Amino acid sequence: LISRQEAVSMIPPMLLNTKRREKIFDMCAAPGSKTAQFLESFYENYDFLNKEQYKEDIGFVLANDCNVKRAYMMVHQLKRLNTAGMVVICHAAQLFPNIFLDGDIMKRVQYDKILADVPCSSDAVMRKLPHKWNYWKTKDSYSLHSLQLQILKRGISLLKVGGDIVYSTCSLNPIENEAVVAQVMREFSQDNELEILNVSELFQGSDIKKHNGL
C-alpha cells in the first residue's frame, strides 16, 4: 500500500492543495503516482463509517493518458486505492473532449484543479538515467514545445473560473518550461484571464532549493 516516488515529483500535486469536494483533472497521469497523491488528499481524515459523509462526495479525480499500455498500468496501480471517486480515460490530452453532465450541453464539466505534467525530453533525470546522454538531442525540446503548449492551452480551456492549473515537466530546458508559460501568458493575460501565482512561501522552512524562472 506504499507508493515510492521522488520528492520532486510530489511537488506539483502538493501545489494544487486539493480538497474533497473538488473536481480534479490529471491530464497526463500515467503511471499514476500523482493521481494517487490527489486521492490520498481526498481521503485524509475521512470517516468511512459515517454514511452522511458519503453524501458530500461530489468531487472526483479524472486521470487521463494517451498511451494505452500506460493507462492500463495506471488502472493496475490505482485500483488498490479502492475508490469510486476516480475515472481513468485514454485520450490525447491536447484534444481532450468536453464532458457534459446528463447529456446537457449547458452543463459542461469544468475542473477546480488541473495538473498538466506534460510529455518532455526528461533531460532532468539524467543523473539517475545516465544512458539518456547517448541519444539526447537539442532538437528534442524544440519538437515537444508545440505539443506542450497545446496541452496547457487545452487545460486552461477546461479550468473553472477561479481554479488553479499547474504546468510541470521533468526537464530543465527553458524551451519546454518558461517558453511554454510565457507564450500562454501572451495569449491569456491581456484580459486578466490568467495570472501566475507566487508559491515560494509554500517552500519556507523546507529543504527544497528553489530558483526563479528565466
What's the local net charge at residue 93, with K and R +1, D and E -1, over the other residues with C-beta under 13 Å away?
-> 0
So what's the angle, to the nearest 10 degrees on a 0 to 90 scale, between helix 178-188 and the longest Cα principal axis of the chain?
-> 60 degrees
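Dividing the convex hull volume of the Cα atoms of the range 48-146 by its residue count, what figure in Å³ per residue is obtained? Walk me through the intermediate numbers first.
Values: hull volume 16.9 nm³, N = 99.
Per-residue hull volume (Cα only) is 170 Å³.
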Mind checking the alpha-carbon convex hull of the range 1-87 and giving the volume per residue in Å³?
-> 98 Å³
145, 76, 211, 131, ranked by accessible area, largest first (probe 1.4 Å) | 211, 76, 131, 145
Give the share of C-alpha pairs in each 10 angstrom bin for the range 101-152, from 0 to the last occupied bin, in whole percents, shortest bins first.
-> 20, 31, 24, 13, 11, 1
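Carbon-plus-sulfur fraction of the accessible area of the range 47-144, 1.4 Å probe, in percent? Spell out each step's value before the answer.
Values: 3790 of 6550 Å².
Its accessible area is 58 percent carbon and sulfur atoms.
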Rounded to the nearest whole Å², what accessible area per residue is found for the range 89-214 with the 1.4 Å probe?
-> 65 Å²
Between the Cα axis of helix 139-157 and the main Cα principal axis of the chain, the angle (0 to 90°, nearest 10) is 30 degrees
Any chance you could give the angle, 0 to 90 degrees and rounded to 10, that helix 33-42 forms with the longest Cα principal axis of the chain?
-> 40 degrees
Computed for the range 61-150: size of charge dipole around the Cα centre, +1 on C-beta of each Lys and Arg, -1 on C-beta of each Asp and Glu, debye to nearest 20, value 420 debye
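So what is the relative contact order for the chain, in percent, with contacts set as C-alpha pairs under 8 Å and at least six apart?
Working: 298 pairs, mean separation 44.7, N = 214.
Rounded, it is 21 percent for the chain.
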Please return the longest stretch of the chain lacking exposed loop sites, where GluC sites (Glu not before Pro) count only if DSSP places them in a loop and at most 16 other Cβ atoms lie within 10 Å.
-> 57-192
So what is the accessible area of the range 1-63 per residue, in Å², with the probe set to 1.4 Å?
-> 58 Å²
Round to a whole angstrom and tell me the spacing of the C-alpha centers of the range 157-214 and the range 1-47.
-> 19 Å
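Local charge sum around residue 64 (other residues, Cβ-Cβ under 15 Å, Lys/Arg +1, Asp/Glu -1)? Could you put the intermediate results ahead of the total?
Values: positive: 23, 34, 69, 70, 113, 154; negative: 26, 65, 117.
Here the charged neighbours net out to +3.
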Over the range 45-96, one equal point on each Cα, no solvent: what is log10 I(q)/I(0) by the Debye formula at q = 0.13, 0.30, 0.32 Å⁻¹?
-> -0.42, -1.18, -1.25
What's log10 of I(q)/I(0) for the range 65-214 at q = 0.09, 0.16, 0.20, 0.21 Å⁻¹, Debye sum over Cα points only, no solvent?
-> -0.37, -1.15, -1.46, -1.48
When Lys and Arg each count +1 and Asp and Glu each count -1, what net charge do the other residues less than 13 Å away from residue 8, Cβ to Cβ, add up to?
-> +2
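Take the alpha-carbon positions of the range 32-74, form their convex hull, and give its projected area averaged over all directions (one quarter of the hull surface) in nm².
Values: hull surface 14.9 nm².
Hull-based average projected area comes out at 3.7 nm².
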Which of the trypsin sites (Lys or Arg not before Pro) found in the range 38-133 are loop residues per DSSP with 15 or fewer other Cβ atoms within 10 Å of their Cβ?
-> 55, 107, 127, 128
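The values are calculated or read from the model by the stated rules, or taken from the named source; none is laboratory data. Nothing here was measured: the structure is a model prediction, and the numbers come from that model. For neighbour counting, all protein chains shown are included, and Cβ atoms are generated from backbone atoms with ideal geometry for every residue, glycine included. For the accessible areas, the whole protein counts, side chains as well, though only heavy atoms, and no ligand, DNA or RNA atoms are used. Shrake-Rupley method; radii C 1.70, N 1.55, O 1.52, S 1.80 Å.
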